[in-house]
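Every number in this text was worked out from the coordinates using simple rules, so none of it is lab data. Treat the numbers as computed from the prediction; the structure is a model and nothing was measured. Glycine gets a Cβ as well: all are built from the backbone with ideal geometry, and neighbour counts include every protein chain shown.
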Amino acid sequence: ARTLLQILLKEKRLVKAGDDLVFHAAAISGLRSMLADRKGTRFSVPEFKNWTGVSRKYAIPLLELLDRERVTRRDGDARIVL
């Protein structure tokens, strides 16, 4: 039997960001929009945390997700909004 989590992930209502983290798709969409306004900006993890209000525990998996989706690109210790 499929779990509710699996169903919501398949329906793309939830987005997986790391092994144990899932976020509502609308929250990720809002994050993409916020970053679109900063296109070309170079930023650090602490800046991202400040912009979003999330802790490092959530910031790193979110940034890795955004890297995979080519919203951002890692450049050493910083990221660049694409």
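Using only side-chain charges placed at the Cβ, +1 for Lys and Arg and -1 for Asp and Glu, the dipole size of the chain relative to its Cα centre rounds to 180 debye. For Thr72, the residues whose modelled amide H falls within less than 5 Å of its own, excluding neighbours fewer than 5 places apart on the same chain, are Asp67, Leu82. Taking a Cβ cut-off of under 13 Å around Ala17, the surrounding Lys, Arg, Asp and Glu residues balance to a net charge of -1, with basic ones at +1 and acidic ones at -1. Were the residues from Arg73 through Arg42 laid out at 0.36 nm apart, the gain over their Cα-Cα distance would be 10.2 nm. Counting Lys and Arg as +1 and Asp and Glu as -1, what is the net charge of the other residues whose Cβ lies under 15 Å from the Cβ of Leu82? So the environment of Leu82 carries a net charge of +4. Per-residue extension of 0.36 nm, minus the Cα-Cα distance of Asn50 and Arg2, leaves a gain of 13.6 nm for this segment.
For the chain, what does the helix formula give at 222 nm: sum of -39500 (n - 2.57) over DSSP H segments with n ≥ 4, over the residue count, nearest 500 deg cm²/dmol? Could you put the intermediate results ahead of the total?
Values: 4 runs with 40 residues, N = 82.
Rounded to the nearest 500, the figure is -14500 deg cm²/dmol.
Listed options for Cα extents along the principal axes in Å are [x] 36, 27, 22; [y] 44, 22, 20; [z] 70, 29, 23. The value calculated from this structure is the one marked [y].
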